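Working notes for the structure below.
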Amino acid sequence: MSVTAQAPSTSTALTVGKRIANSSFVRMTRYILRRLLTLFTTVVVGVYLTILIANMGGYVDQIIRGQIRDNVTQSVAASPSAQIMDPETRRKLIEERIALEEKRRGLDTPIAVRNFRYLTNALQLDLGRAINLTSDSGSKQVRLILLERLPATLLLMGTSQLFLFFSSVFIALNLARHYGSFWDKLIIALSPSSAVPPWFYGIFLILIFAAGLKILPFGGMVDSPPPSNPFDYAVSVLKHLALPGFSLIISSFFLSVYNYRTFFLIYSSEDYVDMARAKGLQAKDIERRYILRPTLPNIITNFSLLIISLWTGALFTETVFLWPGLGRTLFQAIGLYDTPIIVGSTVIYAYLLATTVFLLNFVYALVDPRVKVGG
Amino acid sequence: MNNLKASFQKLLMYPSAMMGIAAILALVVVSIYAMITIPYPEAIRLWRGGEDVWYRNPKFAPPAWINLFSSKKYSESFAVGTADGGMTKTAAPGKNDSTNYEMVHEFDFNYDVYPQDMILYFTSTFKKKQPFASIELVTPDDRTIRIANFVIGNKFTYRFSQDEKLRAKLRADENIPALFSDPETGNVLKGTYRLIITGTTFEPGSDMDVEFVSHGQVFGLAGTDHARRDLTLPLLWGAPVALAFGLMVAIGTTVLTMVIAAVGTWYSGWLDELIQRITEVNLVLPFFALLIMIGTFYSRSIWVILTATILLSIFTGAILGYRAIFLQVKESMYIEAAKAYGASNRRIIFVYLIPRMIPLLIPSLVQAVPAFVFLEASLAVIGLGDPILPTWGKIIQDAQSNGALFKGYYYWVLEPAALLMVTGLAFAVLGFALDRIFNPRLREV
């Protein structure tokens, strides 16, 4: 379900404001403010909903309370000084330490207040501390945990998605030029293969290359122990990257090419393209100036959505390949009821998406003279 | 409607679509067969029953048909008992109220790979004096190996592979290979073996029965997993679950999306605005993460996941697409006419607006199915499958968590994966053809 696999979208969310005989500056400022406000509200509502679900109306609190009680009781029971205490003092000590720990986690304030505090902190990008997960360097800061996993996801998603994007646009342009050819028909015939998700191809690839041929590793990101020589390290990472990267590419490739190809074909049947052909312009110029140019807003939209999709990582593929990226971290966080990480990941994605949507309005106006900011 | 019929006739021109339809029909037949022959409670019992249900099966055994493709023949599993007549049992009265039983089973062993284990399950009834049994194995070259003799209680289990005394007697590292080998060459000795159990009971009315189970290296049509479960059951039952989940979510999502889009555009105003805002919020929400949270925190039941998936999939880009088309349709002449003769809002929405969209609805509905079939499998693979139902995704998850690919149990992953692939591709191929038929603009290019 990657972004590039969807049909090139034509949604230019330009809300039409009332046209008052104002200067274009006032009109634009008004439009920008209104747009910022709606987008910000969207982010707030989205993040708040995520917080509500991630706390499940207090059920997660119960789980965490139970964990705290367990841990404290065990640690007190294990400490030598507790062995000589009388049961009453020990019980008191346990209760005190539970209360302290609950206060530290903020469990003593009511859930509604806490949700609101979560929300304001998250919106200020103050992501707080994780409950259970730690980064490899030992920190519990959500920011550091996410930053530590970011390079892994960027490496996997970045290489596969960028390759996918550029190769499919390039191949699609070629196919649009020779439509009806053997390769064109092959791509059409293979495009239903994208109904299968990447992790599923991953299992087959593991079967062939890791279990059968034994030339590539089953999962992970580097050999264990990691090679000390930087060159060997890079080679090892590349070897581990090959299978997950390839499964991400193969699962969207054909549909992506097909969609772009159809999209270009629709645009190349416009009258002005026929006109350009009749004038005897070169195929290259027609492609660049008459086909690519009007499709640019859509291509830019797809590309920018692709870039922000890098943030979410590939949850299932990363899990199947044990790739230490953001998607797998999110999955682990959910399994450990680690609300701060879930909320942190969501709020960053929401901001990225809102910013992109906002900026796209202006990009459209830049690349397409027919579009005017603010309608 | 004639239009629809003509469109479906065009499907005949797409061989891939016909293959897709054939595969879908086959899956439907398998589903019905599974649900009739193994009713739901029985399926759950076989899937979650415990060791009592699965003790006859070997562990990690590939399907029996791999023998057709393998030059080495793997021993097959069997289970016979005196209670069901699979094993002969003769009784002869002895001295002092005692009875002598002879229970014999003759079996062919023409394999190259020894069985995993052989087990005898004794049951007996007595008041004070426990019955006695001794076991012998007669090999094809007419050697008689005395395996063991022991007193049996109400229930007694004898495992050939675990018997230390037998190991010492055979002077071998492992009992089972030693029993089925030529003592001089050490090679497999093929031929007919005879297991003879002679038992004596010492009281009137005392009786004994035995079940002889051989855990072979291969089992049944689909093989078994780590818990000795026969994989035929989840493979069969996975079909109705996958089809039901995929179709219900796809229908629920596409129909609801269309109805909501139609209602929103028709009434416009705040309702339309609200729908657009909800869609924007939904785009911000992390879809998979939410589903995983619901699975982890609330319930892994397939119905909860199904509802959540539908709710999260309604307000997506598709609703904006439908909205754009409805806005155009809303302005057309026949809607004007309907308004003029005083048709109610509901009539206009459900009789005039929505039917216009059916050509768009059908392909997108069919194309949406694979995504949801795989979604169910994806959730199962990361451990969030329905805890009760046997599904394809759960087989893959069991296999993954037991290192099936690493240890070479390929059948365990390949069987459910192949079925998932067939299901997904069948709908994808059909939907793709329908899309080209119903959206002529695509067909031209």
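The values are calculated or read from the model by the stated rules, or taken from the named source; none is laboratory data. In this text the structure is predicted, and so the values were computed from the model without any measurement. Every residue, glycine as well, gets a Cβ built from its backbone with ideal geometry; the counts of neighbours run over all protein chains shown. Protein only, heavy atoms only, side chains kept; ligands, DNA and RNA dropped before computing areas. Shrake-Rupley method; radii C 1.70, N 1.55, O 1.52, S 1.80 Å.
Give me the accessible area buried between chains A and B, both sides summed, with a 1.4 Å probe, in Å² rounded to the nearest 100.
Its buried surface, counting both partners, is about 4300 Å².
What is the ratio of the Cα radius of gyration of chain A to 2.2 N^0.38 Å, with N the residue count, to two decimals? Walk me through the intermediate numbers first.
Working: Rg = 26.6 Å, N = 375, 2.2 N^0.38 = 20.9 Å.
Taking the Cα Rg and dividing by 2.2 N^0.38 Å, one obtains 1.27.
Where a Cα-Cα gap under 28 Å defines reach, which lysines qualify for B:Lys10, not counting those fewer than 8 residues away within the same chain?
B:Lys10 reaches A:Lys185.
Mind giving me the FRET efficiency for A:Gln62 and A:Ser224? R0 is 35 Å, r the Cβ-Cβ distance, nearest 0.05 is fine.
Working: r = 38 Å, r/R0 = 1.08.
With a Förster radius of 35 Å, E is 0.40.
Assuming R0 = 35 Å, can you tell me the calculated FRET efficiency for the pair B:Gln328 and A:Leu336, based on Cβ-Cβ distance, to the nearest 0.05?
Details: r = 49 Å, r/R0 = 1.41.
The computed FRET efficiency comes out at 0.10.
Under 23 Å from the Cα of A:Lys140, which lysines turn up, not counting those fewer than eight places away in the same chain?
Output for A:Lys140: A:Lys103.
Counting only Cα, what are the radius of gyration and maximum Cα-Cα distance Dmax of chain B, in Å?
Cα-based Rg and Dmax for chain B come out at 31.5, 106 Å.
For the stretch B:1-124, compute Rh as the Kirkwood radius over C-alpha pairs and then the Stokes-Einstein diffusion coefficient at 4 °C and 1.567 mPa s; write the answer in µm²/s, rounded to an integer.
Details: Rh = 20.6 Å.
In µm²/s, the coefficient is 63.
Restricting attention to the alpha-carbon atoms of the stretch A:234-309, what are Rg (one decimal) and Dmax (integer), both in Å?
17.5, 55
Based on the alpha-carbon gyration tensor of the stretch A:146-367, what equivalent-ellipsoid semi-axes (square roots of 5 times the eigenvalues) come out, in whole Å, largest first?
Numbers: eigenvalues 270, 107, 44 Å².
The three semi-axes for the stretch A:146-367 are 37, 23, 15 Å.
One quarter of the convex hull surface, Cα atoms only: what value does that give for the stretch B:64-215 in nm²?
Details: hull surface 38.9 nm².
Average projection, Cα convex hull of the stretch B:64-215: 9.7 nm².
Tell me, what % of the accessible area of chain B is carbon and sulfur with a 1.4 angstrom probe? Don't jump to the answer; show the numbers that get you there.
Details: 12430 of 20620 Å².
In chain B, the share of accessible area belonging to carbon and sulfur is 60 percent.
Regarding the protein assembly as shown, what is the average projected area of its C-alpha convex hull, in nm²? Intermediate results must be reported in sequence, preceding the final value.
Values: hull surface 206.5 nm².
Value for the protein assembly as shown: 51.6 nm².
B:Phe350 to B:Trp65: extension gain in nm, 0.36 nm per residue of separation minus the Cα-Cα distance? Mind showing how you got there, number by number?
Working: separation 285, 0.36 × 285 = 102.60 nm, distance 5.40 nm.
Additional length available on full extension: 97.2 nm.
State the Cα centre-to-centre distance between the stretch A:198-218 and the stretch B:200-236 in whole Å.
35
What accessible surface, in Å², does a 1.4 Å probe find on A:His178, ignoring ligands, DNA and RNA and rounding to the nearest 10?
Here the accessible area works out near 100 Å².
Consider a paramagnetic label point 7 Å from the Cα of B:Thr157 along Cα→Cβ; state which residues of the stretch B:204-230 have an amide N under 18 Å from it.
B:209-216, B:225-230
Excluding B:Lys165 itself, calculate the net charge of residues whose Cβ lies under 14 Å from the Cβ of B:Lys165, where each Lys or Arg counts +1 and each Asp or Glu counts -1.
Numbers: positive: B:Arg146, B:Arg159, B:Arg167, B:Lys169, B:Arg171; negative: B:Asp163, B:Glu164.
Around B:Lys165, the surrounding residues sum to +3.
Can you give the FRET efficiency for B:Ala148 and A:Phe182, using 1/(1 + (r/R0)^6), R0 = 56 Å, r = Cβ-Cβ distance, to the nearest 0.05?
Values: r = 70 Å, r/R0 = 1.26.
Once rounded, the FRET efficiency stands at 0.20.
State in Å² the accessible area per residue of chain B; use a 1.4 Å probe, count heavy atoms of protein chains only, and round to the nearest integer. Before the final figure, lay out each step's value.
Working: 20620 Å² over 445 residues.
Normalised by residue count, the accessible surface of chain B is 46 Å².
Working out 0.36 nm times the residue gap between B:Ile251 and B:Leu274, then minus their Cα-Cα distance, what length gain in nm do you get to one decimal?
Numbers: separation 23, 0.36 × 23 = 8.28 nm, distance 2.33 nm.
Length difference between fully extended and current span is 5.9 nm.
Can you give the average number of partner chain beta-carbon atoms within 10 Å of each beta-carbon in peptide B:427-433, as a whole number? If you can, show how the numbers build up before the last one.
Details: counts 2, 7, 5, 1, 2, 8, 1.
The shielding value for this peptide is 4.
Obtain the nm distance between the two label points defined at A:Thr356 and B:Lys190 by a simple spin-label model: each point lies 7 Å from its Cα along the Cα-to-C-beta direction.
Simple spin-label model gives 6.3 nm for this pair.
May I ask you to list the lysines whose Cα is less than 29 Å away from that of B:Lys407, ignoring any residue fewer than eight positions away on the same chain?
Result set, ordered by chain and number: A:Lys214, A:Lys239, B:Lys59, B:Lys72, B:Lys73, B:Lys190, B:Lys394.
With unit charges on the beta carbon (Lys/Arg positive, Asp/Glu negative), name the residue among B:Ile197, B:Tyr267, B:Pro177 whose Cα is farthest towards the positive pole of the charge dipole of the stretch B:154-277.
Farthest towards the positive end: B:Pro177.
Put a dot 7 Å past each Cα toward the Cβ at B:Lys129 and A:Leu190; how far apart are the dots in nm?
It works out to 7.9 nm between the two label points.
Starting from the 7 Å offset along Cα-to-Cβ, what nm value, one decimal, do you get for the label separation of A:Asp108 and B:Thr316?
4.6
Pairwise over distinct Cα atoms, reciprocal of the mean inverse distance: report the Kirkwood radius of the stretch A:244-375 in Å, one decimal place. The partial results should precede the final answer.
Values: mean 1/r = 0.0558 Å⁻¹.
Hydrodynamic radius (Kirkwood, Cα only) of the stretch A:244-375 equals 17.9 Å.
Leaving out ligands, DNA and RNA but keeping every protein chain, what accessible area does B:Thr88 have, in Å² rounded to the nearest 10, with a 1.4 Å probe?
So the heavy atoms of B:Thr88 present about 90 Å² to solvent.
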